[in-house]
Amino acid sequence: MKKLTKESWKDYKVYPEKVIQFGEGNFLRAFADWIIDKMNKEANFNGSVVVVQPREHGTTINKLNEQDGLFTLYLQGIKNKQAVREHSVINCISRGINTYTSYSEYVELAKNPELRFIISNTTEAGIYFEENDRLEDAPQRSYPGRLTALLYHRFKAFEGDSTKGFIIIPCELIDRNGEKLKEIVLQFADTWELEEEFVNWIMEANTFCCSLVDRIVTGYPRDTIDEITEELGYKDDLVVVGEQYYSWIIEGPDWIKEEFPAEKAGLDVTFVDDMTPYRTRKVRILNGAHSAMTPVAYLYGLDTVGEAVTNEATKKFTEELVYEEIIPVLDLPEEELKPFAEAVLDRFRNPFVSHYLSSIALNSLSKFKTRDLPSLLEYVDQKKELPQRLTFALSALISYYKGKRGEEEIQLQDDQDILDLFKTLWQNYDGTENGLERIVTSVLSYERLWEFDLNEVPMLTETVTKYLCKIETLGMKEAIEEVNKMKAKS
C-alpha cells in the first residue's frame, strides 16, 4: 500500500511559507494547521507552515518530512446537532525542522521576507525563562530563548525593517500567554545585552497576541489504525483524531483578521479586545475537569475520558467537581456557566472519540497548578473550607506520580526535576502514614512548581495525606466512595 506523500496525493499544493509553528504535536496539527488549511481553500490565505520541533527527542518531524507535510485528520462528534465522522488530508505544512540537528536551517528562516506568523504550543511548561540559554547556543534549550534568537537574526537580516516583524500567537494554556512570552523575550534581550534598537524593534514591529484554544484532540488512533488504513487506501503514520467542536479566541488588534482571514473562511476564530472571561470559563471548567479527573479515573482502572464520565463513581466525582466546586467560585453568570459545563460534559461523552487519559497526563503537575489550583484556593477563600474533590484529585496526582497502577508501569512525562523529585520521594517511602505525610509535605512545598508553599493552606497537608493514605491502602475504587458521599457548601 502506498504511503501518503505528494506523489500519491493528487491534490497536493505548494504555498509560500508564511507561518512558523513551534510544536509538531497532535493538537496543533488538528487545530491550527486545520484552520490554516481551511483558510487556504476558502479565504485565499495562500500560506504554508514550517514546523519547528521544540523538544530534543521525537520522531514526528521525520515522519512529517517523509510524508511531505501531509497527514489525515479525522473529526468526529456533534456537528449541527448531528453525530458526524469525516476526514480530510491537511496540506499546509511545507517541512519540519529539528533545531537539534538542523539549527542552521532554523536560523535561515529569519531571512524569508514572506514569513509573518509564529504559532506555538510547547505545553504550559514551555514558556519559561531559562537562565542558561545564550544567543550563541545551537539551539537554545527553551522555546522563548530559541524565539528570541530567531527574532534577533530577523532584525539583523532586514536591518531593523519595521515591516518585517511577526504576529506571534502562542497557544500554550497559561494566563496572558502572549504577554508572558513577550516579557521573557525582552528578558533574554536584556540578559544577552542586545542593542536597544533590537528591543525597540521587538516592541514596535512585532505583535504578541494572547490566545485561547479549544478542541479535544485524542491523537493517533492506535486501536483502529488498521481499519482506518483500509478505509483510506493509503498508509499514513500521522493520522490524528479530534472532535468536531473547536474555538480560537485571539486577543489582539482588529487588523490582524485581514492578514489571518479565518472569519472570512467561516471559522470559529474570534478576535477580541479582552479574552479574560473566555479563558477563565474554559480553563477552569473544561481543562480543570480534565486535569482533575485524569489521575482519579486512571488509578480507578479506566483509560479514556469517555469511560471516566460514564462509569458511575468517576462520573459522579467529575460532575460534582464541576458543579459544586469549580462553578460556584467563578465570577461569571451562572446562566452562562452551566450550559457551558453541560456542553463540556457532552463533549467528554463523544461516542466517536477515545481520548486517552494518559495523553492528558503530560506535565500533569503544571497543568494542575494552572487549571485547578486557582479554583481550590478561591474555594478556600470564599467557603472557608477545602473543596474535597479538588483536594482528592491532588492526592490522586501524587499517587499517580509513583509511576505504578497495580503492577503496571506508568510512563510518566514531565520536567526532569519533577520526575526526579517524585522518584526520590517514593523510593524513600517507608510504608507508613507518616511516610506519606512526608511525601505530601515535600510536594506541597516545592515552590519551583507552585511558586509558594501550599502547606500554608489550612488543612491542605492533612487532608491530602488522609486521601493519599486511603488511595494507597484501600485502592482508588474504595477511596473515591468517601469523597463521593460528601456534600459541598452552597
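We did not get these values from a lab; they are worked out from the coordinates using the rules stated. Note that the coordinates shown come from a computational prediction; the quantities given were computed from them, not determined experimentally. All Cβ positions, even for glycine, are placed from backbone atoms using ideal geometry, and neighbour counts span all protein chains on display.
Computed over the range 173-217, the range of Cα coordinates on each principal axis works out to 42, 20, 16 Å, biggest value leading.
Which GluC sites (Glu not before Pro) in the range 218-251 pass both tests, a DSSP loop state and at most 13 other beta-carbon atoms within 10 Å? Before the final figure, lay out the partial values.
Details: sites: GLU227, GLU230, GLU231, GLU243, GLU251; in loops: GLU243.
Sites meeting the loop and neighbour criteria: none at all.
In angstrom, the C-alpha Rg and Dmax of the chain are 23.0, 66.
Remark on the range 284-374: hydrodynamic radius 13.2 angstrom, per the Kirkwood mean of 1/r across alpha carbon pairs.
When TRP201, TRP255 are arranged by Cβ crowding within 10 Å, least crowded first, meaning fewest neighbours, the order is TRP255, TRP201. Note on LYS257: lysines with a C-alpha under 29 Å away, same-chain residues under 8 apart excluded, are LYS13, LYS18, LYS38, LYS41, LYS79, LYS81, LYS111, LYS156, LYS164, LYS180, LYS182, LYS282.
Taking the Cβ of each residue in THR314, THR441, THR59 as the centre, tally the other Cβ atoms inside 10 Å and list the residues starting with the fewest.
Details: THR314 24, THR441 16, THR59 12.
Neighbour counts put them in this order, fewest first: THR59, THR441, THR314.
Phi angles of the range 363-379 translate, via the Karplus equation with coefficients 6.51, -1.76, 1.60 and θ = phi - 60°, into HN-Hα couplings of 6, 4, 5, 5, 5, 4, 4, 7, 9, 10, 4, x, 5, 4, 5, 5, 4 Hz per residue; Gly and Pro are given as x.
Each residue of the range 349-355 was assigned a 3J(HN,Hα) from its phi angle through the Karplus expression (A = 6.51, B = -1.76, C = 1.60, θ = phi - 60°), giving 8, 2, x, 7, 9, 9, 8 Hz with x at Gly and Pro. Projecting the alpha carbon convex hull of the range 376-490 along each direction and taking the average yields 7.5 nm². What's the angle, to the nearest 10 degrees (0 to 90), between helix 32-42's Cα axis and the longest principal axis of the chain? Roughly 40 degrees, rounded to the nearest 10. Taking amide H atoms as placed 1.01 Å from N in the peptide plane, the amide H of THR304 lies under 5 Å from those of LEU357, each 5 or more residues away in sequence or on another chain.
Dipole size of the chain about its Cα centre, with +1 on Lys/Arg Cβ and -1 on Asp/Glu Cβ: approximately 1180 debye, rounded to the nearest 20.
Based solely on its DSSP helices, what 222 nm [θ] is calculated for the chain when runs of n ≥ 4 H residues each add -39,500 (n - 2.57) and the sum is averaged over all residues, nearest 500 deg cm²/dmol? Present the calculation step by step, with values, prior to reporting the outcome.
On the way: 23 runs with 216 residues, N = 490.
It lands at -12500 deg cm²/dmol.
Computed over the range 434-482, the P(r) tail beyond 13 angstrom holds 57 percent of alpha carbon pairs. Each of GLU409 and GLU131 was given a label point 7 Å from its Cα along the Cα-to-Cβ line. The distance between the two points is 3.5 nm.
Treat the count of other C-beta atoms within 10 Å as a stand-in for reagent exposure and order HIS87, HIS355 from fewest to most. Mind showing how you got there, number by number?
Details: HIS87 14, HIS355 23.
The order, fewest Cβ neighbours first, is HIS87, HIS355.
Nearest 5 percent is fine: what portion of the DSSP beta bridges confined to the chain is antiparallel?
40 percent
Computed from backbone phi, the HN-Hα couplings of the range 260-273 come to 10, x, 5, 5, 4, 7, x, 8, 7, 10, 10, 9, 10, 7 Hz, rounded to whole numbers (Karplus: 6.51 cos²θ - 1.76 cosθ + 1.60, θ = phi - 60°; Gly and Pro given as x).
Note down the Stokes-Einstein diffusion coefficient of the range 17-272 in µm²/s, whole number, using a Kirkwood radius over alpha carbon pairs, 4 °C, and 1.567 mPa s.
On the way: Rh = 18.8 Å.
Estimated diffusion coefficient is 69 µm²/s.
Under a 5 Å amide H cut-off, with hydrogens placed 1.01 Å from N, THR270 pairs with TRP248, ILE249, ILE250 among residues at least 5 apart or on other chains. For the chain, the longest principal axis of the Cα atoms and the long axis of helix 388-400 meet at an angle of about 70 degrees. For helix 196-205, report the angle its Cα long axis makes with the longest principal axis of the Cα atoms of the chain; keep it between 0 and 90° and round to the nearest 10°. That helix lies at roughly 90 degrees to the long axis. Cα centroid separation, the range 278-346 to the range 129-186: 35 Å. Look at the dipole of the range 17-272 built from charges on Cβ: of CYS210, VAL89, ALA149, the Cα furthest out on the positive end belongs to VAL89.
Volume per residue of the convex hull around the Cα atoms, evaluated for the range 276-484, comes out as 116 Å³.
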